[in-house]
1. For segment 130-146, indicate whether the set of residues that are charged (D, E, K, R), open to solvent by 10 Å² or more (accessible area, probe 1.4 Å) and farther than 30 Å from residue 97 by Cβ is non-empty.
2. Is it the case that residue 42 is surrounded by fewer than 18 Cβ atoms within 10 Å (Cβ to Cβ) and either β-branched (Val, Ile, Thr) or under 29 Å from residue 210 (Cβ atoms) (or both)?
3. Give just the number: which of (1) under 18 Å from residue 37 (Cβ atoms); (2) of a type in the set (Val, Ile, Thr); (3) at pLDDT below 95 does residue 139 not satisfy?
4. So, residue 36, is that one part of a strand (DSSP E or B), within 16 Å of residue 150 (Cβ to Cβ), open to solvent by 50 Å² or more (accessible area, probe 1.4 Å) and modelled with pLDDT of 95 or more or not?
5. Looking only at residues in segment 174-187 that are under 21 Å from the mean Cα position of the chain (by Cα) and not in a loop (DSSP other than H, G, I, E, B), which one is surrounded by the most Cβ atoms within 10 Å (Cβ to Cβ)?
6. Among the residues of segment 205-232, count how many are open to solvent by 40 Å² or more (accessible area, probe 1.4 Å) and either over 23 Å from the mean Cα position of the chain (by Cα) or under 20 Å from residue 159 (Cα atoms) (or both).
7. Quick one: how many residues across segment 194-225 are in a loop (DSSP other than H, G, I, E, B) and in contact (Cβ under 8 Å) with a residue 12 or more places away in the chain?
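The values are calculated or read from the model by the stated rules, or taken from the named source; none is laboratory data. Keep in mind it's a predicted model, so treat the numbers as computed, not measured. All Cβ positions, even for glycine, are placed from backbone atoms using ideal geometry, and neighbour counts span all protein chains on display. Heads up: the accessible areas ignore ligands, DNA and RNA and are worked out on the full protein's heavy atoms, side chains in. Shrake-Rupley method; radii C 1.70, N 1.55, O 1.52, S 1.80 Å.
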Amino acid sequence: MTIYVCVDDTDNLNSRGTGRLARAIAGTISKKHPVIGVTRHQLYVHPDIPFTSHNSCAVIHVDSDDMEIMDDLFEIGKKEIYDDFIEGSDPGISVAHDSQILPSLVAYSKDAKNTVLNQEKARTLAKNLNIRLEGLGGTEDGVIGSMAGLGLAFAGNDGRFLMKGNIRDYLGPQSVETLLNAGIDAVYTVDGRLVTEGTVINPEGKSVKPCPVNGKCILFVDTNDGVLQAVKRD
């Protein structure tokens, strides 16, 4: 079972991003609880939605069915946000267990990818599902994306991994074998072929960006004259 910690709107145009903060929170959580990884989820980009650069949220996946640790996870995340609070940000944080993410939240989360939502809907949903949700400064609009991230992460077929295993340790071109050993479950071409060997080309200084697919960590690659090129997907 999994517990999800979602953070949103923790940055401004000149600061570190929400993804980096989420990885820092994951690092602190991992000292006490097993962390599966961190995922990024793209939300709706619309003129009526204030956002920094891309309007994405980040979710830390914790491998546990012990609901008693949820308050601890929440407080760890809350402290990290306050300790690294960015002026001009409007942070929100939420924590939920698999069993709390019901169809209404999944539907809300899907809506957040193509609809303008509001805080009232997010807070009402959290109250009805007994999910702990809190705004931590500014307008607190981050509660909207924070709730959405829970459902998107739970569904298991959205976004991409910001952290999984030790894939961030391997920058630039890497062998398929190395990437599989680092925490990726499989490598597939975008046209559906399983890749078991070869070198995956990726920009120097950058790690590959695998995606969650049906509970697995999958790296997609494109092929051109036999060359495997890592694909970055939203």
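1. Filtering segment 130-146 down to residues charged (D, E, K, R) leaves 132, 134, 140-141.
Subset that is open to solvent by 10 Å² or more (accessible area, probe 1.4 Å): 132, 134, 140-141.
Remaining after also requiring farther than 30 Å from residue 97 by Cβ: none.
For segment 130-146, residues charged (D, E, K, R), open to solvent by 10 Å² or more (accessible area, probe 1.4 Å) and farther than 30 Å from residue 97 by Cβ: absent.
2. yes
3. The number of the failed condition is (1).
4. Answer is yes for this residue.
5. 179
6. Qualifying residue count, segment 205-232: 15.
7. 14
Rundown of residues vs (1) under 19 Å from residue 3 (Cβ atoms); (2) crowded, with 19+ Cβ neighbours inside 10 Å; (3) at pLDDT 95 or above, yes/no style:
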| residue | (1), (2), (3) |
| --- | --- |
| 72 | yes, no, yes |
| 77 | yes, yes, yes |
| 83 | no, no, no |
| 88 | no, no, no |
| 97 | yes, yes, yes |
| 100 | yes, yes, yes |
| 111 | no, no, yes |
